[in-house]
Amino acid sequence: MIRGMRGAITIEKDEPQLVWDETVKLVQAIVEQNNVEPDHIASIIISTTPDITSAFPARSVRMLDGWDYVPIMCMHEMNVEGALPLCIRVLLHVETEIAQRDITHVYLNDAIKLRPDLAAK
């Protein structure tokens with residue numbers, strides 16, 4: 001069965017190395033906490049708030065060992081007034097037998113504000 005595993009992280013400022021480092025940190029946390037291998041990932045969608053324009057977050061994930069063939073797509077979030085700034089969101093579509101309620105979604109840095117209910121889990 002394919003399940004969605006999600007998470008979000010914020011960065012301090014829009015700089016390529018921060019975009020890449022924090023994206024990897026988030027993706028690695030999601031896969032580690034859910035015992036996911038790259039071969040079990042059908043695809044990944046990464047979105048950023050419109051204030052992140054310095055780098056493609058997917059680049060850093062593609063450079064991880066064993067992640068060469070994981071389909072990854074980047075896009076911008078809607079530009080909604082009052083939205084959390086400098087935020088990177090990730091949605092992994094994963095082949096897993098984990099029940100929906102047992103998936104660990106990961107929210108780091110200021111992104112904890114987005115889903116405090118899931119971040120506290």
Taking r as the C-beta separation of R59 and Q33 and R0 as 30 Å, the FRET efficiency to the nearest 0.05 is 0.85
In nm, the gap between the two label points placed 7 Å beyond Cα toward Cβ at Y69 and D14 is 3.6 nm
Output ordering of 39-46, 18-25, 80-87, 60-67 (per-residue mean of other Cβ within 10 Å, highest first) is 18-25, 39-46, 60-67, 80-87
Expected sort for K13, K113 with the fewest Cβ neighbours (10 Å cutoff) up front is K13, K113
Options [x] 125; [y] 96; [z] 108 are given for volume of the Cα convex hull per residue in Å³, and the computed one is [y]
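Values in this text are rule-based calculations from the coordinates and carry no lab data. Everything quoted here is computed from the prediction, not taken from an experiment. Cβ: placed from backbone, ideal geometry, glycine included. Neighbour counts: every protein chain shown.
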